[in-house]
Amino acid sequence: MEKITEYLSVNRYRQTEKISQEKYPLKKTFSSSDFEVQNYFEEDHNSGKKDIKISVLIKRKVKQAAVSVDFEVEGWSKENYVFAPAALYNGNRFYSVRRDYAPYYTDSDREKCALAPVITDVPRLGGESSVAQLTTGDLSTPCVGWFSPDDNKGYLILWKQKNEAGIFGLTVREMSEGKACFSISSPCVREKTKYGMCSTQVNSDDEARDFKAGDKLNFEISVFDFNCESKTEFLNKFFEIRSMRSLPYSLPQGVSWSYAFSLLEDKYNRRNWLSEGGFYKSSEAVSGICRQWQTGWVGGGMNILPQLLLGNSESVEKSKRTLDFIFGPIQHPSGFLYGIYCDSKLYGDRFDDVDDKSVTMSRKNADALYFISKELLCLKKMGEPVKESWKKGLLNLADAFVDFYDKNGDFAQLIDMDEFKPFAAKTASAAIAPAGLALCFKYFSDEKYLRCACETAQKYYDEYVKEGFTNGGPGEILGCPDSESAFGMLESLIVLYSVTGDKKWLDYAKDTASLCASWCVSYDYEYEKDTQFYRRGISTNGAVWASVQNKHAAPGICTLSGASLFRMFRASGDERYLELCRDISHNITQFLSTYDNPVYYSYIFGRKRNVKIQKKLTCLCADVLIKAHKSGKVSRLLTDSVYKKFTVPVGCMGERCNLSDWEGKENIGELPGGSCWCEVSTMLVWLEVPAVYVNPDTGFAYALDHVECSLKDGILTLKNPTDYDAIYRVFSENIRDRQIPLEDTYMLDLKSVKVKANESVSIKL
């Protein structure tokens, strides 16, 4: 049986080396020569929640110190599942290698990953030190906890982002004598080293504080102690308590999805169309072999779905030509698709040897399988012609997945197409493949696709979701836990529920949704005033974390809409799914660069110059340009000539939403330039997520887009609070209709309502 003791510790430092520690058991009041402490405790025995408020008054000068609240655990087992959202999954106790970005598997790694995940050098437990040092900014929710299978108990500790001394630090430490300690410290001082890209051995630049008499430190911590019997049950509890907001929800800055789509569609037709190859590029990179096409993952083949169904005639035609391209030079004789295409040459997905074009990422192929099957199903429903070459190409791709699984018992992470065997295995990289196979069953009416979809979904659930993580979604993180594979898994489960009607898949989806929620930022991070995020009023709530390696959140889910959460709400009636879907989709358009609100080039990549001066200069120049555009006193043509030097092109979005200092403290709250997969996610949101969901018989109306809505006597009123005309797509149904699984082509049936800027429209349902 575990025993937990709570302490207040005063830690003294020489730079970032701890030289002493004074520990005091937490009680109502106590003092020393240096400080006075007052504590407030409130317990709810029914819920297992305990609120702790600690006020520390400094009585005299104290040099180079930090104060921590420590939870020491006796009777600790290293079999405990240790969790910190977006940072630790089972303590990241996997085989780890230190490798520069972009990391890749060696031959010995490949042998190991056939048995268990291989990860990069990220904060983790295990090994000699077994300590993970993090900041609140490394977490999607300021939270840490563990599940004890021996005791069937779960513990979750939540706190705020910062206090008077700045952002909090978190240290998780396992000791060999059956003890562990979870410390929340103020200020954050990571001892000696911290995490940077793919390495935990970056010199720490944290600073202890010189306190003076009268200084105060306040801690507000909530502790949950509860019974649970599994990791999934533990994560379900986290989902329940993750967003304990004290303030009512407010709509973040941003534009409607329809306006965002109009900018993106125009940008794609101007900047992303490659006439020489006849396809929409998946990247706008200026150099490298990935600057033209990557199948799936970052958008190749997914970017055409919203344009095919909602775009103008030019977009529709170019989308169809992109399908011709996919099922032309991109398809390997095995049926799988090559990973990379550039300048009329094919490349493989090995970072160490891209000329080995036979190696492809299973996740890339699974994305293509899912989205292309959805595209053909929608065209069929619309009565549009579907080319035989597209049908044959999709059939060959689906057959490749079935045959590969039947031969190898796994979809692997990397596939050798020539040998038709795994190149690297043991990840949930292709977790979205069951969704694609299930839709292929609907399109081709071949039972083998549904059989394979069910078998592989069960396998992924048993081996990953039940173990409290999914991994290997991106191609440059080895087998690290990540959000992309989790949301891909959720997509598969909700599609299987739709196709089969079997509630088993819905139950699995509920567990997976809780895992997905752990990757979503649940609060608004307070940025420093000299950052672009502060200047733009960026809300971080709803941003989606990438992985435990790439420690940034991003606008949207790579590269999905989040509509699976909306479908989860319909199937379950649980509004938490609707709320999470809203948070993600409200967050996304804040990062879109427009003429009136452009994104600045403010990201600093390891430059030695004074970054503060650079930021100020960039922001000043950008502000001058914005005012020039808005006033009309200076011609747009004139300002455009220098605009691009300081601002991101209109219609482009970068992927960084940095709360963490993994790329340097100077980049917290800054936006990189460029163009990325977030644009695809934004277009998919408008297509697949209803702007407003309505139950007329219950009077329930819920806004997910940038719109205000109300329902009275069967009249739905929509108010557009933005400065741009909008089109809102409305999903209306009676409460009893929710019991029917949603067809996968539902997006074609949404009702469009036009509302002018800052005006309202009422419609009878």
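The values are calculated or read from the model by the stated rules, or taken from the named source; none is laboratory data. Predicted model only: the values in this text are computed from it and were never measured. Note: ideal-geometry Cβ built from the backbone for every residue, glycine included; neighbour counts use all protein chains shown.
Structure values in brief
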read-out	value
Spans of strands (runs of 3 or more DSSP E) in region 1-108 with at least 1 residues free of Cβ contacts under 8 Å to residues at least 40 places away in the same chain, outside the structural domain of Cys181 (by TED's automatic domain parsing) and within 30 Å of Phe239 (Cβ to Cβ)	95-97
Top-ranked residue of region 275-309 - restricted to ones that are β-branched (Val, Ile, Thr) and outside any loop (DSSP other than H, G, I, E, B), ranked as nearest to Lys381 (Cα to Cα)	Ile304
Candidate set from region 569-603 (those that are surrounded by 24 or more Cβ atoms within 10 Å (Cβ to Cβ) and of a type in the set (Val, Ile, Thr)); member that is nearest to Glu733 (Cα to Cα)	Ile584
Test: residue in region 465-474 that is crowded, with 24+ Cβ neighbours inside 10 Å, over 18 Å from Arg363 (Cα atoms) and aromatic (Phe, Trp, Tyr)	no
Residue check for Phe224: under 26 Å from Leu515 (Cβ atoms) and buried (at least 20 other Cβ atoms within 10 Å of the Cβ)	yes
Subset of region 400-425 [surrounded by fewer than 17 Cβ atoms within 10 Å (Cβ to Cβ) and not aromatic (Phe, Trp, Tyr)]	Asp403, Asp406, Lys407, Asn408, Gly409, Asp418, Glu419, Lys421
Given (1) surrounded by fewer than 19 Cβ atoms within 10 Å (Cβ to Cβ); (2) farther than 25 Å from Gly178 by Cβ, number of the condition Thr141 does not satisfy	(1)
Single match in Glu265, Glu207, Glu233 (criterion: of a type in the set (D, E, K, R) and either closer than 26 Å to Asp524 by Cα or surrounded by fewer than 16 Cβ atoms within 10 Å (Cβ to Cβ) (or both))	Glu207
Qualifying position, being buried (at least 24 other Cβ atoms within 10 Å of the Cβ), in contact (Cβ under 8 Å) with a residue 24 or more places away in the chain, part of a loop (DSSP other than H, G, I, E, B) and not aromatic (Phe, Trp, Tyr), among Leu490, Leu478, Leu439	Leu478
Scope region 541-568; condition surrounded by fewer than 23 Cβ atoms within 10 Å (Cβ to Cβ) and under 16 Å from Pro252 (Cα atoms); matching residues	Asn541
Any hit, region 63-85, residues being charged (D, E, K, R), exposed (fewer than 15 other Cβ atoms within 10 Å of the Cβ) and within 30 Å of the chain's Cα centre (by Cα)	yes
Exclusive hit being assigned to a loop (DSSP other than H, G, I, E, B) and either under 29 Å from the mean Cα position of the chain (by Cα) or not basic (Lys, Arg) (or both), set Ala453, Ala431	Ala431
Scope region 676-723; condition surrounded by 23 or more Cβ atoms within 10 Å (Cβ to Cβ) and either more than 30 Å from the chain's Cα centre (by Cα) or among the hydroxyl-bearing types (Ser, Thr, Tyr) (or both); matching residues	Ser681, Thr682
Complete set of residues in region 109-122 that are in contact (Cβ under 8 Å) with a residue 40 or more places away in the chain and either in a loop (DSSP other than H, G, I, E, B) or over 20 Å from the mean Cα position of the chain (by Cα) (or both)	Asp109, Arg110, Cys113, Ala114, Leu115, Ala116, Pro117, Val118, Asp121, Val122
Region 548-584, residues that are more than 25 Å from Ala433 (Cβ to Cβ) and part of a helix (DSSP H, G or I)	Glu575, Arg576, Leu578, Glu579, Arg582, Asp583
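A quick yes/no check of all residues on (1) crowded, with 17+ Cβ neighbours inside 10 Å; (2) at pLDDT 95 or above; (3) on the phi > 0 side of the Ramachandran plot:
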{"position": "Gly278", "(1), (2), (3)": "no, yes, yes"}
{"position": "Ser287", "(1), (2), (3)": "no, no, no"}
{"position": "Gln307", "(1), (2), (3)": "yes, yes, no"}
{"position": "Glu314", "(1), (2), (3)": "no, yes, no"}
{"position": "Glu317", "(1), (2), (3)": "no, yes, no"}
